[in-house]
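The values are calculated or read from the model by the stated rules, or taken from the named source; none is laboratory data. Because the structure is predicted, anything quoted here is derived from the model rather than measured. In this analysis, Cβ positions are derived from the backbone assuming ideal geometry, glycine residues included, and neighbour counts consider all displayed protein chains.
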């Protein structure tokens with residue numbers, strides 16, 4: 001149901017772009033106005049969200065240590081898993097973000113008769129995530145060729161590497177396949193793994209379907225419908241967009257507008273969705289803080305003034321017992337008072 | 001509540017029907033209401049305890065009343081929904097962690113089968129991700145644009161009484177152990193979520209007695225057991241007598257002594273009940289063997305901090321006694337005994353809340369001269385750090401054979417492992433005093449499994465839940481018991497000593513529970529001792 005809705009939504013978006021771009025004059029909307037609007041929403045929304053997060057302080061140092069902390073000289077410190085210095089935190093974060101280290105740790109637990117619980121390493125999610133994210137990154141970088149004139153040499157190198165297997169003509173990029181496969185794998189996992197299916201929301205299926213559609217339209221343009229589009233005009237438009245002097249030449253092709261429109265939707269959707277994990281991972285207090293809280297005091301900007309139940313109040317309540325059992329007290333008992341009372 | 005027979009529970013855990021055991025739920029989780037039956041919840045806080053706490057400066061525990069979770073009407077205060085939503089908004093502004101954790105989850109499910117409560121109960125709402133969704137769904141509804149427009153379609157739902165009841169059920173089926181958080185690609189920490197849920201619930205007067213009574217005891221008498229100063233002293237003195245009768249050495253102890261070099265604070269449970277008593281006897285013997293100039297305090301006689309399980313304010317208020325007492329007595333620094341959550345508070349919260357501790361000195365071991373640089377600012381040293389350093393410098397003489405009746409394994413407590421990184425110090429100590437083996441690798445160190453009864457859940461009325469939640473730990477114990485003949489589960493946590501005892505009694509009755517310092521003291525060789533053959537170490541002949 002939830003995944004079906006995601007498909008319907010993406011199909012509707014495709015129809016809007018396909019039909020819309022055929023109306024005279026509308027290419028300006030789909031080719032120029034919407035991309036600018038989407039980019040503004042993306043950048044503005046992204047910054048807004050990060051600033052909103054940043055506005056809330058980090059009152060306590062709540063790092064999770066995933067290894068031995070820095071302690072005595074002869075106890076081997078796990079510098080990556082329980083970082084003590086900024087450099088160690090940077091290294092931990094770098095590996096977390098670049099290699100998805102926490103996911104790499106993933107295990108699968110199973111209940112067996114007995115009862116007996118077993119744990120085995122489970123790297124599938126990590127693998128799917130790596131394939132998806134790195135393919136996506138590479139595809140985005142390769143697209144820079146459209147916006148830059150002349151095309152930087154390193155993009156050509158990356159393209160060469162990406163097409164290393166020289167399969168097909170034009171040469172298939174591995175990351176095009178990777179992006180499609182990533183979407184399919186992550187989507188299938190959501191459907192097939194029972195507990196993941198149970199927790200999945202439309203918000204989880206929709207971006208996958210959307211990105212899948214973006215990849216498919218892109219692949220169609222590059223490998224199958226090359227004659228339907230005008231790559232020179234596309235480049236002219238793209239360079240025009242980034243230099244703020246966009247021009248739409250003659251017929252570019254509906255498939256291009258569908259592709260572009262879906263990208264615009266993704267950009268505009270990004271800041272208001274879970275896709276913000278891209279920024280959030282940098283700011284997660286359990287990962288980006290040093291485990292040195294006993295060596296260096298962490299300050300809480302809103303630390304409330306709360307004093308303990310005072311020693312004085314405690315002694316007042318229990319003084320008699322304390323004196324009787326020989327516990328030192330600050331204020332001795334006034335013994336005479338009791339005697340006076342007795343006399344009365 | 002009676003606990004099901006071992007065979008029944010063993011079958012039920014595996015066969016379900018539950019999500020963990022392979023069943024596929026047919027309804028959306030939002031459509032499954034919670035139902036409170038005896039055994040499914042811990043008893044709610046007594047009215048007088050809540051009133052007492054609410055009367056204390058800096059604390060707010062409103063809406064004291066008589067009520068039961070089984071009733072339809074929870075006697076919530078007027079405008080409870082606004083109170084909750086305002087409370088959530090306030091906390092979003094105070095904790096970046098909460099905002100990030102609300103926004104970043106992608107529901108990848110990596111956390112799902114990492115939770116001991118999920119593995120033991122099979123209840124989908126015990127998957128950490130879903131526990132967070134209980135709160136996230138309300139957050140979406142009232143604090144995000146998408147949620148406001150699209151509502152349930154994007155996983156948003158209105159705050160209702162039944163949502164509130166769900167929060168109560170599942171924030172008290174989480175022990176804030178943080179195991180899920182090490183597997184989360186964004187480090188989302190369910191402990192933070194649970195803490196927030198519990199804080200919000202306290203705003204409308206929902207809390208459990210097993211936590212609030214200890215909080216009020218700790219506030220008034222200095223320790224969660226409610227031991228008054230003379231009783232606390234008596235208890236420790238009984239232990240001194242036991243030590244003397246067993247070893248011929250009479251440990252020199254003092255209470256509230258000004259001018260002592262070191263203040264020693266440990267969970268009060270260690271001077272109150274088995275098997276923690278033997279750990280406390282261990283401290284006495286250890287400190288006597290090295291001639292440490294230290295004092296106990298009756299005012300700060302609790303290492304543990306049940307405030308951590310309620311809200312930030314209560315945690316701060318209880319913790320403040322440690323520094324206040326250290327300052328009053330004029331000690332140089334503090335040594336803390338074996339405890340789990342106590343050390344989360346000491347390591348990650350104490351100095352932030354109640355520091356700077358500039359009236360204390362940088363901790364230096366008076367025996368070895370080692371400077372504890374890792375505690376340079378907070379001035380509180382863990383007993384395992386202190387002991388490991390003594391051993392490294394050859395200041396303790398051991399006869400390991402005195403522990404030959406023991407084949408031990410070691411349980412990493414959640415908080416020292418995942419909130420402190422205290423992992424290898426206890427192992428270093430064990431290597432010198434006892435023959436021991438590790439449990440399977442996915443159940444130790446940072447991946448350690450909770451005892452299942454932490455965060456104030458070690459109360460008898462939810463025993464079945466506790467036995468289920470503790471199953472992953474018990475299962476690992478059983479494994480090493482069968483494979484290596486392990487007969488003792490050692491740990492550095494007072495709650496563990498209580499809860500693992502119940503757990504082992506149920507799942508692996510052949511395995512006992514002890515503190516690491518008990519094993520140290522068993523093996524210590526001292527001058528002038530007249531220790532006969534203690535067949536069971538310090539446990540011989542006691543009581």
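Which is free of Cβ contacts under 8 Å to residues at least 60 places away in the same chain, buried (at least 21 other Cβ atoms within 10 Å of the Cβ) and part of a helix (DSSP H, G or I), of A:261, A:278, A:256? Walk me through it before giving the result.
Values: A:261 fails: free of Cβ contacts under 8 Å to residues at least 60 places away in the same chain; A:278 fails: buried (at least 21 other Cβ atoms within 10 Å of the Cβ).
Step by step, each of A:261, A:278, A:256 is checked, and only A:256 is free of Cβ contacts under 8 Å to residues at least 60 places away in the same chain, buried (at least 21 other Cβ atoms within 10 Å of the Cβ) and part of a helix (DSSP H, G or I).
Quick check on segment A:304-326: of everything there that is exposed (fewer than 15 other Cβ atoms within 10 Å of the Cβ) and at the interface with another protein chain (Cβ under 7 Å from one of its Cβ atoms), which residue is farthest from residue B:313 (Cα to Cα)?
A:324
Can you pull out the residues in segment A:72-104 that are at the interface with chain B (Cβ under 7 Å from one of its Cβ atoms), touching a residue at least 24 places away in the same chain (Cβ under 8 Å) and surrounded by fewer than 21 Cβ atoms within 10 Å (Cβ to Cβ)?
Within segment A:72-104, A:100 is the sole residue that qualifies.
Of the residues that sit in segment B:133-146 and are in contact (Cβ under 8 Å) with a residue 60 or more places away in the chain and within 10 Å of chain A (Cβ to nearest Cβ), which one is nearest to residue A:112 (Cα to Cα)?
Within segment B:133-146, the subset in contact (Cβ under 8 Å) with a residue 60 or more places away in the chain is B:133-135, B:137.
This time we only want the ones that are within 10 Å of chain A (Cβ to nearest Cβ), so: B:133, B:137.
Values: B:133: 28, B:137: 33 Å.
Looking at the filtered set, the residue picked out is B:133.
Restricting to segment B:170-191, name every residue that is facing another protein chain (nearest Cβ under 7 Å) and assigned to a helix (DSSP H, G or I).
Those that are facing another protein chain (nearest Cβ under 7 Å) and assigned to a helix (DSSP H, G or I): B:181, B:182, B:183.
Can you spot a residue in segment A:222-234 that is in contact (Cβ under 8 Å) with a residue 60 or more places away in the chain and assigned by TED's automatic domain parsing to the domain that holds residue A:34?
From segment A:222-234, those in contact (Cβ under 8 Å) with a residue 60 or more places away in the chain are A:234; that's our starting set.
With assigned by TED's automatic domain parsing to the domain that holds residue A:34 added as a condition, the list becomes A:234.
Yes, because at least one residue in segment A:222-234 is in contact (Cβ under 8 Å) with a residue 60 or more places away in the chain and assigned by TED's automatic domain parsing to the domain that holds residue A:34.
Would you point out which residue out of B:62, B:69, B:33 is in contact (Cβ under 8 Å) with a residue 40 or more places away in the chain, assigned to a loop (DSSP other than H, G, I, E, B) and in contact with a strand residue (DSSP E or B) (Cβ under 7 Å, 6 or more places away or on another chain)?
Details: B:62 fails: in contact with a strand residue (DSSP E or B) (Cβ under 7 Å, 6 or more places away or on another chain); B:33 fails: in contact with a strand residue (DSSP E or B) (Cβ under 7 Å, 6 or more places away or on another chain).
Result: B:69 is the single residue among B:62, B:69, B:33 that is in contact (Cβ under 8 Å) with a residue 40 or more places away in the chain, assigned to a loop (DSSP other than H, G, I, E, B) and in contact with a strand residue (DSSP E or B) (Cβ under 7 Å, 6 or more places away or on another chain).
Among the helices (runs of 4 or more DSSP H) lying completely within segment A:1-105, list those that include at least 2 residues that are modelled with pLDDT of 95 or more and more than 22 Å from the chain's Cα centre (by Cα).
Working: elements: A:2-22, A:34-55, A:86-99, A:101-104.
Here the list reads A:2-22, A:34-55.
Out of (1) part of a loop (DSSP other than H, G, I, E, B); (2) more than 14 Å from chain A (Cβ to nearest Cβ); (3) surrounded by 19 or more Cβ atoms within 10 Å (Cβ to Cβ), the odd one out for residue B:84 is which?
Among (1) part of a loop (DSSP other than H, G, I, E, B); (2) more than 14 Å from chain A (Cβ to nearest Cβ); (3) surrounded by 19 or more Cβ atoms within 10 Å (Cβ to Cβ), residue B:84 violates only (1).
When you check residue B:249 against the structure, is it in contact (Cβ under 8 Å) with a residue 60 or more places away in the chain, surrounded by fewer than 23 Cβ atoms within 10 Å (Cβ to Cβ) and away from chain A (no Cβ under 11 Å), yes or no? Steps first, please.
Numbers: in contact (Cβ under 8 Å) with a residue 60 or more places away in the chain: yes; surrounded by fewer than 23 Cβ atoms within 10 Å (Cβ to Cβ): yes; away from chain A (no Cβ under 11 Å): yes.
It is true that residue B:249 is in contact (Cβ under 8 Å) with a residue 60 or more places away in the chain, surrounded by fewer than 23 Cβ atoms within 10 Å (Cβ to Cβ) and away from chain A (no Cβ under 11 Å).
Working carefully through the options B:126, B:141, find the one that is surrounded by fewer than 23 Cβ atoms within 10 Å (Cβ to Cβ) and touching a helix residue (DSSP H, G or I) at 6+ places or on another chain (Cβ under 6 Å). Break it down stepwise before answering.
Working: B:126 fails: surrounded by fewer than 23 Cβ atoms within 10 Å (Cβ to Cβ).
After applying the criteria, what remains is B:141.
Under the condition of being more than 8 Å from chain B (Cβ to nearest Cβ) and without any contact (Cβ under 8 Å) to a residue 24 or more places away in the chain, which residue from segment A:180-196 is surrounded by the most Cβ atoms within 10 Å (Cβ to Cβ)? I'd like the intermediate steps shown before the answer.
So in segment A:180-196, the residues more than 8 Å from chain B (Cβ to nearest Cβ) come out as A:180-192.
Pick out the ones that are also without any contact (Cβ under 8 Å) to a residue 24 or more places away in the chain and you get A:188, A:192.
Details: A:188: 12, A:192: 9.
Per the criteria, the residue is A:188.
In this structure, does residue B:7 turn out to be within 11 Å of chain A (Cβ to nearest Cβ), out of contact with any helix residue (DSSP H, G or I) (no Cβ under 8 Å at 6 or more places or on another chain) and farther than 29 Å from residue B:464 by Cα?
Working: within 11 Å of chain A (Cβ to nearest Cβ): yes; out of contact with any helix residue (DSSP H, G or I) (no Cβ under 8 Å at 6 or more places or on another chain): yes; farther than 29 Å from residue B:464 by Cα: no.
For residue B:7, the condition - within 11 Å of chain A (Cβ to nearest Cβ), out of contact with any helix residue (DSSP H, G or I) (no Cβ under 8 Å at 6 or more places or on another chain) and farther than 29 Å from residue B:464 by Cα - is not met.
From the list B:465, B:430, which residue is within 14 Å of another protein chain (Cβ to nearest Cβ), in contact (Cβ under 8 Å) with a residue 24 or more places away in the chain and either touching a strand residue (DSSP E or B) at 6+ places or on another chain (Cβ under 7 Å) or within 16 Å of residue B:504 (Cα to Cα) (or both)? Show your work before the answer.
On the way: B:465 fails: within 14 Å of another protein chain (Cβ to nearest Cβ).
From the options B:465, B:430, the qualifying one is B:430.
For residue A:136, only one of the following conditions fails: (1) in contact (Cβ under 8 Å) with a residue 24 or more places away in the chain; (2) within 12 Å of chain B (Cβ to nearest Cβ); (3) assigned to a helix (DSSP H, G or I). What is its number?
In the conditions (1) in contact (Cβ under 8 Å) with a residue 24 or more places away in the chain; (2) within 12 Å of chain B (Cβ to nearest Cβ); (3) assigned to a helix (DSSP H, G or I), residue A:136 misses (2) alone.
Of the residues that sit in segment B:102-120 and are more than 8 Å from chain A (Cβ to nearest Cβ) and part of a helix (DSSP H, G or I), which one is surrounded by the fewest Cβ atoms within 10 Å (Cβ to Cβ)? Quick ask: steps written out before the conclusion?
Start the filter on segment B:102-120 by keeping residues that are more than 8 Å from chain A (Cβ to nearest Cβ), which leaves B:102, B:111, B:115-118, B:120.
Those still in the list that are part of a helix (DSSP H, G or I) too: B:102, B:116-118, B:120.
On the way: B:102: 22, B:116: 27, B:117: 28, B:118: 30, B:120: 30.
Residue satisfying both the conditions and the ranking: B:102.
For residue A:10, only one of the following conditions fails: (1) within 14 Å of chain B (Cβ to nearest Cβ); (2) touching a helix residue (DSSP H, G or I) at 6+ places or on another chain (Cβ under 6 Å); (3) under 30 Å from residue A:195 (Cα atoms). What is its number?
(1)
How many of the residues making up segment A:281-294 are facing chain B (nearest Cβ under 7 Å) and either without any contact (Cβ under 8 Å) to a residue 60 or more places away in the chain or more than 22 Å from residue B:377 (Cβ to Cβ) (or both)? It would help to see each step written out before you state the result.
Applying the first criterion (facing chain B (nearest Cβ under 7 Å)) to segment A:281-294 yields A:281, A:283-287, A:291, A:293-294.
Then keep just the ones that are either without any contact (Cβ under 8 Å) to a residue 60 or more places away in the chain or more than 22 Å from residue B:377 (Cβ to Cβ) (or both); that gives A:281, A:283-284, A:287, A:294.
Of the residues in segment A:281-294, 5 are facing chain B (nearest Cβ under 7 Å) and either without any contact (Cβ under 8 Å) to a residue 60 or more places away in the chain or more than 22 Å from residue B:377 (Cβ to Cβ) (or both).
If you scan segment A:235-253, which residues turn out to be outside any helix (DSSP H, G or I), farther than 22 Å from residue A:15 by Cα and touching a residue at least 24 places away in the same chain (Cβ under 8 Å)?
A:246
Going through B:424, B:358 one at a time, which residue ends up being surrounded by fewer than 23 Cβ atoms within 10 Å (Cβ to Cβ), without any contact (Cβ under 8 Å) to a residue 12 or more places away in the chain and facing chain A (nearest Cβ under 7 Å)? Reasoning before the result, please.
Working: B:358 fails: facing chain A (nearest Cβ under 7 Å).
None of the other options fit; the residue is B:424.
Could you tell me how many of the residues in segment A:188-218 are farther than 30 Å from residue A:228 by Cα and in a helix (DSSP H, G or I)? Break it down into steps so the answer makes sense when it comes.
Of all residues in segment A:188-218, those farther than 30 Å from residue A:228 by Cα come to A:188-205.
Now restrict to residues that are in a helix (DSSP H, G or I): A:188-192, A:194-199, A:202-205.
The qualifying residues number 15.
Which of the residues that make up segment B:361-386 are more than 9 Å from every other protein chain (Cβ to nearest Cβ), without any contact (Cβ under 8 Å) to a residue 40 or more places away in the chain and buried (at least 16 other Cβ atoms within 10 Å of the Cβ)?
B:363, B:365, B:368
Conditions first: (1) part of a loop (DSSP other than H, G, I, E, B); (2) modelled with pLDDT under 95; (3) within 14 Å of another protein chain (Cβ to nearest Cβ). Residue A:300 passes all but one, so which condition is the exception?
Of the numbered conditions (1) part of a loop (DSSP other than H, G, I, E, B); (2) modelled with pLDDT under 95; (3) within 14 Å of another protein chain (Cβ to nearest Cβ), the odd one out for residue A:300 is (2).
So which of B:219, B:223, B:235 is crowded, with 22+ Cβ neighbours inside 10 Å, within 13 Å of chain A (Cβ to nearest Cβ) and either at pLDDT below 95 or more than 30 Å from residue B:41 (Cα to Cα) (or both)? Please lay out each step first, then the result.
Details: B:219 fails: either at pLDDT below 95 or more than 30 Å from residue B:41 (Cα to Cα) (or both); B:235 fails: crowded, with 22+ Cβ neighbours inside 10 Å.
Matching residue, one of B:219, B:223, B:235: B:223.
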